[in-house]
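> Got a structure here, written out as structure tokens. Questions coming.
A short reminder: the numbers here are calculations on the coordinates, not readings from a lab. The shown structure was predicted, so the numbers you read here are calculated from the model rather than taken from an experiment. Note that we place each Cβ from the backbone using ideal geometry, even for glycine, and neighbour counts take in every protein chain shown.
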Amino acid sequence: MPDASDEELMLAYAGGDAGAFDMLYARHKGPVFRLMLRSVKTRGEAEELVQDIWMRVIEARERYVRTAKFTTWLYTVAHNRLIDHWRKKGLTVVAPDNEDGESTVEEGRAGPFDEPHRIVEARDTLATLESALAALPVAQREAFLLHHEGDMTVAQIAEATGTNEEAAKSRLRYAMDKLRKAVGDG
């Protein structure tokens, strides 16, 4: 069953195949954890949220209906849990009215660095990126992380966050523009 789609695995899990859940968990635990870790202040909060998300997946297994990609459904569960977390802390999720900029970013992968000064530069850039990511408005950060950690399309981000595609596209574009400027590519 390793070649099964996420949707097939979830349906198998709903039918009683615990091994199917193990495969789903193995496939998605890292991206879900990174999304939560970058969305809250502490590792402990992220771990708690991730545990709650997977518990909700377990609890919903018999009600799961294949209406969208599993990852869209999973990140909707994650989004809703994150919103509950923020509300409990008295925070609200509001996209700022002053979003501006029209640029897009093409992401590339750097090769391995062999020179020590390049390692230091990469660490500095990563620290700058992490800081800029933390400074993004919540809605933009979430769109960026769902796209890059969850490998979700704009349509899937819109569905997972309960917004329209144009809003999701704007949030992603603004986040990418701000991050690019923060690391000096803009």
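> Sort largest first and round to whole Å: the equivalent ellipsoid semi-axes of region 6-88, each the square root of five times a Cα gyration tensor eigenvalue.
Ellipsoid semi-axes (Å, largest first): 23, 13, 11.
> So what J values fall out for region 167-184 if you push phi through Karplus, 6.51 cos²θ - 1.76 cosθ + 1.60 with θ = phi - 60°, rounded to Hz, Gly and Pro as x?
Result, ordered by residue: 5, 4, 4, 5, 4, 5, 4, 5, 4, 5, 5, 5, 5, 5, 5, 5, 9, x Hz.
> For the pair Gln51 and Arg66, how long in nm is the line joining their label points, each one 7 Å along Cα→Cβ?
3.3
> Sticking with this structure for a sec: Please tell me the relative contact order of region 6-88 in percent, rounded to the nearest whole number, where contacts are Cα pairs under 8 Å and at least six residues apart.
Once normalised by length, the contact order is 35 percent.
> In this model, which of Lys89/Lys169; Lys41/Lys88; Lys29/Lys88 are farther than 22 Å apart at the alpha-carbon?
Lys89/Lys169; Lys29/Lys88
> Through the Karplus equation 6.51 cos²θ - 1.76 cosθ + 1.60, θ set to phi - 60°, convert the phi angles of region 59-65 into ³J(HN,Hα) values in whole Hz; use x for Gly and Pro.
My calculation for region 59-65 gives 5, 8, 4, 6, 9, 4, 10 Hz in order.
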